Amino acid sequence: MFWAFVEPDALDGDALVIQGEKGHHLGRVLRVRTGERGVAVANGQRYEVEVLAVNGDRVVTRVLAREAVDESPGSVTILQAVLPNADFDAVVE
């Protein structure tokens with residue numbers, strides 16, 4: 001199962017087409033195959049998809065299910081350690 005974050009315009013009815021760099025990553029690096037299932041997230045929606053075709057940098061999928069995605073209720077706090085003067089300036093920039 002794969003996960004992909006895609007642009008909203010990738011969705012066309014019940015088809016979702018993943019192209020370009022993300023399509024290349026799925027098709028050539030992860031080597032997804034026809035029939036494999038995954039999850040695509042776009043525009044506040046999570047789509048369960050099934051791969052229909054892989055052609056180079058283009059992966060064509062069929063939407064099996066849709067679900068609204070809410071923001072996580074948790075929060076994230078980021079802390080920066082105090083570094084020597086030159087390094088700290090670079091972090092702040």
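Values computed for the structure shown
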item: Matching residues in the stretch 29-43 - criterion: being among the basic types (Lys, Arg) and more than 20 Å from GLU7 (Cα to Cα); result: ARG31, ARG33
item: Every residue from the stretch 24-35 that is touching a residue at least 24 places away in the same chain (Cβ under 8 Å) and open to solvent by 60 Å² or more (accessible area, probe 1.4 Å); result: HIS24, ARG28, LEU30
item: Residue count for the stretch 46-56, restricted to those that are farther than 13 Å from ALA4 by Cβ and open to solvent by 60 Å² or more (accessible area, probe 1.4 Å); result: 2
item: In the stretch 5-14, residue surrounded by the fewest Cβ atoms within 10 Å (Cβ to Cβ) [restricted to those that are within 16 Å of the chain's Cα centre (by Cα) and assigned to a strand (DSSP E or B)]; result: PHE5
item: Residues of the stretch 40-55 that turn out to be over 19 Å from GLY20 (Cβ atoms) and not in a loop (DSSP other than H, G, I, E, B), as a count; result: 4
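The values are calculated or read from the model by the stated rules, or taken from the named source; none is laboratory data. This one's a predicted model, so the numbers in the text were calculated from it and none came from an experiment. All Cβ positions, glycine included, derive from the backbone under ideal geometry; neighbour counts span all protein chains shown. Side chains included, ligands, DNA and RNA excluded: accessible areas come from the protein's heavy atoms. Shrake-Rupley method; radii C 1.70, N 1.55, O 1.52, S 1.80 Å.
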